[in-house]
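Everything on this sheet refers to the single structure shown next.
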Amino acid sequence: MLGVMSRQSPLSGPAARPRRRAATSQATQGAPAPRGLVSALFVSSTAWGALAFAAASGLGCSHAAPRAAQAAPAPAPSPLPSLAEPPRSAPVVATAEMTEPAPAPPRLGWVMPVDHGVRADRAGGGQFLAPRTHGRHNGVDLLAPLGTPVLAACDGVARAGTLGGYGKYVALVCELPPEWGGAHLSLFYSHLSAQEVGAERVRVALGQPLGAVGKTGNAAGPSVMPHLHLELIVHPSAEEARRETHSGRDQSNNPAADALLSQLDERCLRPLGLTSRQPLRRERRLDPYLVLGCLGATKPAYQRPSGELAGASFPWQDYYRARGGDPEPVLFRAESSAPVHTAAWLQRESRELRAGTP
Ligand SMILES: [Zn+2]
């Protein structure tokens, strides 16, 4: 099936170039960029502080603009791309829009300081919607050594808990800018060995450690290699996102998921020719890899796992494709600027949250 993918455009070619040009245009106009907010280092009070900074340095949030926000609107709605479709050749250069101020980008980062790809061990594959005895996998399993810190993918609100087969988890709500449909994401980090937030909701900052990779819940068996189970559910409001339980029994749909997926399709998937072997959604659940990538998250480069994790995962390009081949440099870009918040900022935000400030 992958043989039908287009290889006509190199990754540095037409599909990717307009985004970089647009970002440059915005920067020269003095539009606000997240890196301008950097003023001090976020200091974690946990043992992961140093790792958090190292991770933040590589997971910075300073996208000058949403990756595909300046691309020309796709000409007409169409079904999501599949690997069976012929390569698209829709132009993505929009010179007129490059002269306009870019909208505020989401501030998103990856969820760990390392990327070893998708779990694939004796217990099975960890890709989104992989077959499971109970039906389909609701998230994506990111292979990582035990104890690897898991990081907030946004400035948001987090809480911790324990839930059946998921074990110890942290749920994080991220609010998206209006131009992305005003959706709110509930990110669910599970099978953790440690949780850095409590049951009470608190403000957290992009790149802040939320816990550590573990083997709790149904990941405890010896055939399951340590990994982060990451789910992403879309809601139309922060309150609804905060009430999300991530119970696998609840497979209800949500209009906000429809709207966000439509946005992603028009502004990212089709312009970049992004495809996956599986559907990108299961009702209100969306594929975290493609959502975070399309929304501009930065991610450490994939590294083949070694030691006892060797051979227990597959790289992203085994499962996803962009026009030209490898999805990684199209979806994700390493950043050197760190997302930075002071401990005082976090304490103030958390006090306001407890006081009921939205
Ligand atoms: Zn999983």
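The values are calculated or read from the model by the stated rules, or taken from the named source; none is laboratory data. Quantities reported herein were computed from a predicted structural model and do not represent experimental measurements. A quick note on method: Cβ atoms are made from the backbone with ideal geometry, for glycine too, and the neighbour counts reach across all protein chains shown.
Computed quantities for the displayed model
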| item | result |
| --- | --- |
| Condition check for Arg321: modelled with pLDDT of 90 or more, outside any loop (DSSP other than H, G, I, E, B), in contact with a strand residue (DSSP E or B) (Cβ under 6 Å, 6 or more places away or on another chain) and farther than 27 Å from Pro177 by Cβ | yes |
| Residues satisfying the stated conditions in region 114-143, i.e. in a loop (DSSP other than H, G, I, E, B), under 16 Å from the mean Cα position of the chain (by Cα) and away from the ligand (no atom under 12 Å from the Cβ) | Val114, His116, Gly117 |
| Those residues of region 226-256 which are within 18 Å of the chain's Cα centre (by Cα), closer than 28 Å to Gly124 by Cβ and at pLDDT below 95, in sequence order | His246 |
| Residue in region 211-229 that is away from the ligand (no atom under 14 Å from the Cβ) and closer than 22 Å to Leu292 by Cα present | yes |
| Qualifying residue in region 155-171 (condition: touching a strand residue (DSSP E or B) at 6+ places or on another chain (Cβ under 7 Å), among the hydroxyl-bearing types (Ser, Thr, Tyr), assigned to a loop (DSSP other than H, G, I, E, B) and at pLDDT 95 or above) | no |
| Qualifying positions in region 237-273 - surrounded by fewer than 18 Cβ atoms within 10 Å (Cβ to Cβ) and in a loop (DSSP other than H, G, I, E, B) | Ser237, Thr245, Ser247, Arg249, Asp250, Gln251, Ser252, Asn253 |
| Test: residue in region 189-210 that is in contact (Cβ under 8 Å) with a residue 60 or more places away in the chain, among the charged types (D, E, K, R), under 24 Å from Gly125 (Cβ atoms) and outside any strand (DSSP E or B) | no |
| Hey, Gly147 away from the ligand (no atom under 16 Å from the Cβ), surrounded by fewer than 23 Cβ atoms within 10 Å (Cβ to Cβ) and either touching a residue at least 12 places away in the same chain (Cβ under 8 Å) or within 19 Å of Gly248 (Cα to Cα) (or both) or not | yes |
| Qualifying residue in region 213-232 (condition: of a type in the set (Gly, Ala, Ser), assigned to a strand (DSSP E or B) and buried (at least 22 other Cβ atoms within 10 Å of the Cβ)) | no |
